[in-house]
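Here, each number is a calculation from the coordinates, and none is a lab measurement. Because the structure is predicted, anything quoted here is derived from the model rather than measured. Neighbour counts run over all protein chains shown; Cβ positions are idealised from the backbone, glycine included.
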Amino acid sequence: MNTNKTQKYQQFSQAASGVQKDFPATSSVKLGGKSWTKQNLIQVFTAATAAFDAVENAKAQLKAAIEAQRAESAVGSGLYKQLRQWAENEWGKGSPVLADFGFKQAKPKVKSSETKALAAAKARQTRVVHGTHGTRQKKLLTASGSPGLVLVGPDGKPIPGFTQGPVPPAIPPGTVQK
């Protein structure tokens, strides 16, 4: 219970106990334009606290039922997916038998022409930024030859006799050398 409800519950309980203990049994009091006896007051306050108790019990039962539903639903969901996979393997993804199990056919998502145009523009822009080329452009960019190799000792100086110079790349046909 939240604070206000807890306070009300305690107030009603305390009032019932105070009336039981200190209110004269034979007298009545006029409250709100109505005459109240000891038994009437105790009955009203006891009924009010019983209503609070009933709500708290119902909340606890609802919470337990929700937790049970979630647990069973998790088991059912996993089994449902496995059953669908089995049925698709058994009869095929496009089979009308799947509808008997309640499985719907997946509809392909249709892209709008605007989405397609944006995707193509982004792809072209990405290729420019990354410097990627098609197969014909790559053939012009490849170089033949091998890189040079210099072995360096622990002191950082090249070791004589272990130096291989680079082989210059061949100039692709159709290019002009400056």
What are the ³J(HN,Hα) values, in whole Hz, obtained from phi via the Karplus relation 6.51 cos²θ - 1.76 cosθ + 1.60 with θ = phi - 60°, for each residue of segment 4-14 in sequence order, with x given for Gly and Pro? 4, 5, 5, 5, 4, 4, 5, 4, 5, 5, 5
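Compute, for segment 56-100, the length of the dipole vector about the Cα centre, with Cβ point charges of +1 (Lys, Arg) and -1 (Asp, Glu) only. Units Debye, rounded to 20. Spell out each step's value before the answer.
Working: 6 positive and 6 negative charges, 33 e Å.
Here the size comes out at about 160 debye.
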Specify which residue in the list Thr46, Ser95, Ala65 is farthest towards the positive end of the charge dipole of segment 3-100, using unit charges on the beta carbon of Lys, Arg (+1) and Asp, Glu (-1), about the Cα centre. Thr46
Would you list Glu72, Glu88 from fewest to most Cβ contacts within 10 Å? Glu72, Glu88
Label Gln125 and Lys8 with points 7 Å out from Cα along Cα→Cβ: what is the distance between them in nm? 5.9 nm
Rounded to whole Hz, the Karplus (6.51, -1.76, 1.60) HN-Hα couplings of segment 61-66, x for glycine and proline: 5, 4, 4, 5, 5, 5
For Trp36, other-chain or 5+-apart residues with amide H closer than 5 Å (H placed, Pro excluded) are Val29, Lys30, Leu31
Listed residue pairs exceeding 23 Å between alpha carbons, taken from Lys111/Lys138; Lys81/Lys111; Lys5/Lys38; Lys81/Lys109; Lys8/Lys59; Lys81/Lys107: Lys111/Lys138; Lys81/Lys111; Lys5/Lys38
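In which sequence would Ile42, Ile66 go, from the one with the fewest C-beta neighbours within 10 Å to the one with the most?
Working: Ile42 18, Ile66 10.
Going from least to most buried by this count: Ile66, Ile42.
With charges only on Cβ, +1 for K and R and -1 for D and E, what is the dipole size of segment 3-100 about its Cα centre, in debye, rounded to 20? Don't skip to the answer; put the middle values down first.
Numbers: 12 positive and 8 negative charges, 128 e Å.
Here the size comes out at about 620 debye.
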Under the Karplus relation 6.51 cos²θ - 1.76 cosθ + 1.60, θ = phi - 60°, what is the ordered set of whole-Hz ³J(HN,Hα) values for segment 94-104, x standing for Gly and Pro? x, 6, x, 4, 4, 5, 4, 8, x, 8, 9
